[in-house]
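Encoded as structure tokens, the structure appears first; notes follow it.
Just so you know, all these numbers are worked out from the coordinates, no wet-lab data involved. Bear in mind the structure is a predicted one, so any value in this text is a computation, not a measurement. Every residue, glycine as well, gets a Cβ built from its backbone with ideal geometry; the counts of neighbours run over all protein chains shown.
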Amino acid sequence: MKTKFKITFLIICALFIVGFCNSDDGQTNDREDLINTQYPEAKQEVIETWAAIEQSVREGDMDKLISFHGYSPKFTEYKNGEVVNDGAANEAYERRAYGAVTEVVSFATNDFKVAVYGDVANMTFQSDFQIKFGDNLAVIKEQTTLLFVRTNYGWKIVHEHHSPLNTAD
């Protein structure tokens, strides 16, 4: 009788230990599938944010353009194979470059995609921008990735990556 009790007790303990070890630190495995879940409302918000960014460039409203960025110590920007920029460098560049725009001829994007992962969104596209600086026309063809985070103040860009687009023309 004592042996049966000991074996039963050991089996129960073993099952308890195995169950506890497989319980993901006591949490359930009911996490949201951020990769496959679609977030159509959030995706539309990010697309509308992009439209507002374009409008701020067309209007030359640099303060509004800058307001779409989530500058913090976490902000990063990669551009043209150069070293990483922080938020201050990005803001200075955007104010200098986009502040000098006299006309937006085209602000087209090709292969435009927005993927939302809860409160984070990844926007990718190939730019085909034609922007005038005085009488000089600049054609900007690059691959762009913008990483957005949802905040209490809307979607904010927290990372930018720009690299030249190899084209046949």
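Remark: the THR76-GLU41 segment gains 10.0 nm on full extension, using 0.36 nm per residue and subtracting the alpha carbon distance. Hull volume per residue, based on the alpha-carbon atoms of region 41-159 and their convex hull, is 105 Å³.
Note on region 81-143: Kirkwood radius taken over Cα pairs, Stokes-Einstein applied at 25 °C and 0.890 mPa s, translational D equal to 179 µm² s⁻¹. Couplings 3J(HN,Hα) for region 83-93, derived from phi with the Karplus relation 6.51 cos²θ - 1.76 cosθ + 1.60 (θ = phi - 60°), are 5, 5, 9, 9, x, 5, 5, 5, 4, 4, 4 Hz, where x marks Gly and Pro. Counting only Cβ charges, +1 for Lys and Arg and -1 for Asp and Glu, the dipole size of region 35-169 around its Cα centre is about 200 debye.
Peptides 93-102, 52-61, 80-89 ordered by packing proxy, namely the average of other Cβ atoms within 10 Å per residue, highest first: 52-61, 93-102, 80-89.
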